[in-house]
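Structure first, commentary second.
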Amino acid sequence: MRLSVWLAVLLPLVTAACATPSVAYHPRKDCEAGSAGACVDWGDELAGRGEKLQAEAAYGQACQGGFVMSCITQGQLLRQRGELEAAELPLRKAYLEEMPEAHEALADLYQARGTPADVKIAEGLRFEAPAIDKPATEFVYHFRMDSRGSPGPALTFNVQPMAFLSRRLSLGFHAAFTPMTELNGFIGYQHFASTWAVPYARVMLGGLPGAPPGMGLNYGGELGLKLCLGPIGHLDFAVGSSRASPLHASVGLGFNGLFLLFLAAR
């Protein structure tokens, strides 16, 4: 999901949290009067009472009003009662916003159609789903400690576009300063266990600035885990080994690389 989509989703929630509900608030009547937010509440109320057809219509109004999660709910209700063609439009509207939930819901729709081509599309959507809202580039600041007890910072710049097996492959630059400076390039593979838990492995090759002649080559690898927050960033935990630092562990905070471009442009 793009950062702008996250902001579009979070802004109504923040606004709703700060607002004081009116004593005259009525989900059905306000929905009929054109409030998309009231249509979400009215759809939830109807669904809770088992009135799925009416809930479907309310979610449809909320979807038209820009509540993307309601598009997914409407599409799922349509699919459940066999209206596969009608379900595709709201699901595809959410899919275009690069939401993991929308990819999964659209995959269920293609799976329900059941043709070999549709099943193949469903598999592709499920493969993309957990990675779709992650940033294409990441900047990570680590606090690192090696086996000799030497602490210090490390920096990583990671490139992981969807073109690289839906972000499964990554490459980038890693610099560490514990106890001596390491400058490495790396290539890695990451597994999306879920939309938020991403274990990874990478191999590194680089140099040791200031090392004696003939001793400047560095190589090693890392195993790690990202705990992701969509396109915003992630917490990073890693252990690894390199020629300069035989055993080390680190904890880091990663940010969307677009933040760096924004700061640089200011």
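What to note about this one:
- Radius 14 Å from Cβ of residue 85, net charge of other residues (Lys, Arg +1; Asp, Glu -1): +1
- By accessible area with a 1.4 Å probe, ligands and nucleic acids excluded, highest first: order of 196, 42: 196, 42
- Listed values (1) 1.29; (2) 1.42; (3) 1.10, entry calculated as Cα Rg over 2.2 N^0.38 Å: (1)
- On the stretch 137-233, 77 percent of the accessible area sits on carbon and sulfur atoms, based on a 1.4 Å probe.
- The chain: relative contact order as a whole-number percent, Cα under 8 Å and 6+ apart: 12
- The stretch 136-264, dipole about Cα centre (Lys/Arg Cβ +1, Asp/Glu Cβ -1), debye to the nearest 20: 140
- Take residue 31: with every protein chain present and a 1.4 Å probe, its accessible area is about 0 Å².
- What a 1.4 Å probe finds exposed on the stretch 68-124 is 53% carbon and sulfur by accessible area, rounded to a whole percent.
- Taken over the chain, lysine pairs spaced eight or more positions apart, or on distinct chains, with alpha carbons under 28 Å apart number 7.
- Long hydrophobic helices in the chain, taken as whole DSSP H segments with a C-alpha length of 24 Å or more on their own axis and mean Kyte-Doolittle hydropathy at least 1.6, are absent.
- Paramagnetic reach from residue 193 in the stretch 232-266 [backbone N under 19 Å; point 7 Å along Cα→Cβ]: 233-240, 249-254
The values are calculated or read from the model by the stated rules, or taken from the named source; none is laboratory data. What you are looking at is a predicted structure, and each value in this text was computed from that prediction instead of being measured. We place every Cβ from the backbone using ideal geometry, glycine too, and count neighbours over all the protein chains shown. Heavy atoms of the whole protein, side chains included, go into the accessibility calculation; ligands, DNA and RNA do not. Shrake-Rupley method; radii C 1.70, N 1.55, O 1.52, S 1.80 Å.
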